[in-house]
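The values are calculated or read from the model by the stated rules, or taken from the named source; none is laboratory data. All values reported here derive from a predicted model rather than from experimental measurement. Reconstructed Cβ throughout: ideal geometry from the backbone, glycine too, with neighbour counts over all protein chains shown. Accessible surface areas use protein heavy atoms only, side chains included; no ligands, DNA or RNA. Shrake-Rupley method; radii C 1.70, N 1.55, O 1.52, S 1.80 Å.
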Amino acid sequence: MKSIFGILLVALLVFTFYMENKSEPTSLSESTFGKAEEYDQLIDIEEGEVSETTPVENYPGPNVGDKAIDFKLDTLSGESVTLSELKGKKVILNFWATWCPPCKEEMPIMQEFYTKYGKDIEILAINIDPQYNVKEYQKAMELTFPILLDKDDKINNAYDILTVPTTYIIDEQGTITNKQIGAITSLESFTALIK
C-alpha cells in the first residue's frame, strides 16, 4: 500500500511540473538564461570601489536634491558640531574608516583641499570606527580639518552608508548638491564636485 501511495505522489509531482512548464513554454528556455543584461545590476563593491554602471542615485540614503540630515557629533577634541549651524556655508561631509585603504588615499587630497579652501568650505569627516585610535591616525596623516566621531552609528545609519568613503557636498541652504561613493583621487576631482 505504501509503495502505491509513493508512486501516486511521484506521478502527481511529475504531472504538476509538466503542467506548469506547458502553460509557460518559455519559462525554462535558453533565451531566458541568455538575457545577461538583465542581471547587470549586481554591484562589486570592494573597499570603496563602485560599479561604473550603477548611478549614485540608486544607492540608499539621501541623494542629490534632498535636504541633508541634521546631526550633532563631537570632534576628536571634544567640541560639538551641529550640521545645521553651518547653514550659509558649503560643507563637504565625508564618511570614512581607519581600516579603509581608499579613505587613506583620499585623506591627503582632502587635507590639501582644506588648506586651500577651508575658510570658504567646511570639511566634516565622520569616522565610523571610533573604537580604533582615530587621534593617532589624524596625527600620522597630519589632518587639520574636523574629524567627528559617530560613536553609536546613528549618523552612519541615518545616511544609510554602505561603503566608505562616501562624500556628500551640501550647499549653503543645506541641500545635497553632489554625492560621491568611493575615493576622490585628485584635487581637481574634489574641486569639480563643489561646482
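Points worth noting:
- Subset of the range 148-195 (residues that are among the small types (G, A, S), more than 17 Å from the chain's Cα centre (by Cα) and over 13 Å from L83 (Cα atoms)): S186, S189, A192
- Within the range 151-170, considering residues that are of a type outside the set (F, W, Y) and in contact with a Ser or Thr (Cβ under 9 Å, 6 or more places away or on another chain), the one nearest to K72 (Cα to Cα): I170
Results for (1) free of Cβ contacts under 8 Å to residues at least 40 places away in the same chain; (2) of a type in the set (G, A, S); (3) closer than 21 Å to A68 by Cβ, shown as yes or no for each residue.
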residue: P101; (1), (2), (3): no, no, no
residue: E122; (1), (2), (3): yes, no, yes
residue: Y132; (1), (2), (3): yes, no, no
residue: D150; (1), (2), (3): no, no, yes
residue: I176; (1), (2), (3): no, no, yes
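- Residues within the range 90-120 that are more than 19 Å from M141 (Cα to Cα) and at pLDDT below 95, tallied: 2
- Residue check, E47 open to solvent by 60 Å² or more (accessible area, probe 1.4 Å) and either at pLDDT below 65 or aliphatic (A, V, I, L, M) (or both): yes
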